[in-house]
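Here the structure comes first, spelled out in structure tokens, and everything after it is commentary.
The values are calculated or read from the model by the stated rules, or taken from the named source; none is laboratory data. Every value quoted in this text rests on a predicted model; they were computed, and no experiment measured them. Cβ: placed from backbone, ideal geometry, glycine included. Neighbour counts: every protein chain shown. For accessibility, only protein heavy atoms count, side chains too; no ligands or nucleic acids. Shrake-Rupley method; radii C 1.70, N 1.55, O 1.52, S 1.80 Å.
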Amino acid sequence: MERASQVIGQSGAFLDALERASRAAPLDRPVLVIGERGTGKELVAERLHRLSNRWDHPLVVMNCAALPETLIEAELFGHEAGAFTGATKARAGRFEEADGGTLFLDELGNLSMAAQERLLRAVEYGEVTRIGSSRPLRVDVRIVAATNEHLPDKVDAHEFRADLLDRLSFEVVTLPPLRARASDIMVLADHFGRRMASELGRERWEGFGAAAVGLLTAYRWPGNVRELRNVVERAVYRWEEPGPIDAIEIDPFLSPYRPGASALEGPSARPVVPSIESEPLVACETGASDFKSRVATFERELLAGALAEHRFNQRTTAEALGLSYDQLRHALRRHDLIKAG
């Protein structure tokens, strides 16, 4: 695969999902890839195609959420000239383009019921009919579909066809979110950091400092790998000091001057620490779950986030947290966020 589409991870949950996809790849059957935004559904779809017997045929991608409902059927199945207003010439659909290869349908849950009915016929019989035509066309296409929704719930709500779901779910690969892949966070961060440093022409990659590692590993990453990549690449290009990167900004929009900010907010206002307020902390998901461990995890996250927010100025951080300078220094040493001294 190309360098930009590498699949990286070492956690058990991620490797299990990858193994399931790899085993299903050679089979000429539909596969559903389920996962939150940013978990790498497109990369798994590409892996399914590259490891199949169709690898030297087209991999055609269609995002079902990127088009208005009125155009989705025309995109999928094509149309004849004059089939509708604006159709000045005939056009092949995605099924015809993918003939002999794989059609990846992203955001499958956004398909209209009418499009689902036509899709079912295409999957079931290997035939598509262009809009405005009465002549069906034979196509040989493998379907890989992805969604971040629980499709059985949409079936219960009569928003998705049960027979189509049955047909497409020969194998279901569910990708774990990044918060369930704690051991992969720094592996991915190091990969993205090295690649960004190389892109910027930097001779050496110094890695991340203790405060940066603390913030990266404590945050819950609702945007998953895509969000982590953005945060790391932004940190690398902004860092101008020698040595490891030790300043991480999770939310680039966080500013007392942002439009719509409260009039009480200003340069001296206490900042919002994104790693805490953007997602509630659930300390029992990984590691120890006793009260003291949870409190320690929360305190370390708070300190790391506040340090990053104040560009690692300890006096400003202490003032924002309502601590004396000595109290802050003691807390940082206790959580190994600075060296003792």
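One chain, two ends: Val7 and Glu199. Fully extended at 0.36 nm per residue, the span grows by 67.2 nm beyond their Cα-Cα distance. Working note: Debye formula, equal point scatterers on the alpha-carbon atoms of the chain, no solvent; log10 I(q)/I(0) at q = 0.09, 0.15 Å⁻¹ is -0.64, -1.19. Each semi-axis of the equivalent ellipsoid for region 193-236 is √(5λ) with λ an eigenvalue of the Cα gyration tensor; in descending order they amount to 20, 13, 6 Å. For region 18-62, what class follows from the C-alpha gyration tensor (a ≥ b ≥ c being the square roots of its eigenvalues): rounded when a/c is under 1.5, otherwise prolate if a/b is larger than b/c, else oblate? Oblate. Comparing mean-square fluctuations of Thr317, Thr39, Thr85 from a GNM of the chain with C-alpha springs under 10 Å, the top value falls on Thr85. Sorted from longest to shortest, the spans of the Cα atoms of region 124-225 along the three principal axes equal 64, 35, 23 Å. Accessible area per residue (1.4 Å probe, heavy atoms of protein chains only) ranks Tyr219, Tyr257, Tyr125, Tyr325 as Tyr257, Tyr125, Tyr325, Tyr219, with the largest value leading. Relative to the first principal axis of the alpha-carbon coordinates of the chain, what is the inclination of helix 41-50, with its axis defined by its Cα atoms, in degrees from 0 to 90 and to the nearest 10? Here the helix axis deviates by roughly 50 degrees.
Could you tell me how many degrees, from 0 to 90 and to the nearest 10, lie between the Cα long axis of helix 113-125 and the main elongation axis, the longest principal axis, of the Cα atoms of the chain? The angle comes out near 60 degrees.
Give me the Kirkwood hydrodynamic radius of region 1-153, using the inverse of the mean 1/r over all pairs of distinct Cα atoms, in Å to one decimal. It works out to 16.3 Å. Between Met113 and Leu27, the C-beta separation translates, for a Förster distance of 35 Å, into a calculated FRET efficiency of about 0.75. Label-to-label distance for Ser293 and Tyr125 is 5.9 nm, based on points extended 7 Å past Cα in the beta-carbon direction. Take every DSSP beta bridge whose two residues both sit in the chain; close to 15 percent of them are antiparallel. Extension gain for Arg226 to Arg37 (0.36 nm times residue separation, less C-alpha to C-alpha distance): 67.2 nm.
Estimated purely from DSSP H runs of n ≥ 4, each contributing -39500 (n - 2.57), the mean residue ellipticity at 222 nm for the chain is -12500 deg cm²/dmol once divided by its residues. Quotient of the Cα radius of gyration of region 47-113 and 2.2 N^0.38 Å, N being its number of residues: 1.23. Of the peptides 41-47, 291-297, 246-252, the order by per-residue mean of other Cβ atoms within 10 Å, starting with the highest, comes out as 41-47, 246-252, 291-297.
Each part reduced to its alpha carbon centroid, region 218-261 and region 81-151 end up 40 Å apart.
Near the amide H of Ser133, within less than 5 Å, lie the amide hydrogens of Glu80, all on another chain or at least 5 residues away, with H placed in the peptide plane. Using Cα atoms only, what is the angle between the long axis of helix 12-24 and the major principal axis of the chain, expressed in degrees (0 to 90) to the nearest 10? It is inclined by approximately 10 degrees. Taking 22 Å as R0, compute the FRET efficiency from the Cβ-Cβ separation of Glu319 and Glu206 and round it to 0.05. Plugging the Cβ-Cβ distance into 1/(1 + (r/R0)^6) gives 0.15.
Which shape class applies to region 64-149: rounded if a/c is under 1.5, otherwise prolate when a/b exceeds b/c and oblate if not, where a ≥ b ≥ c are the square roots of the Cα gyration tensor eigenvalues? Here region 64-149 falls in the oblate category.
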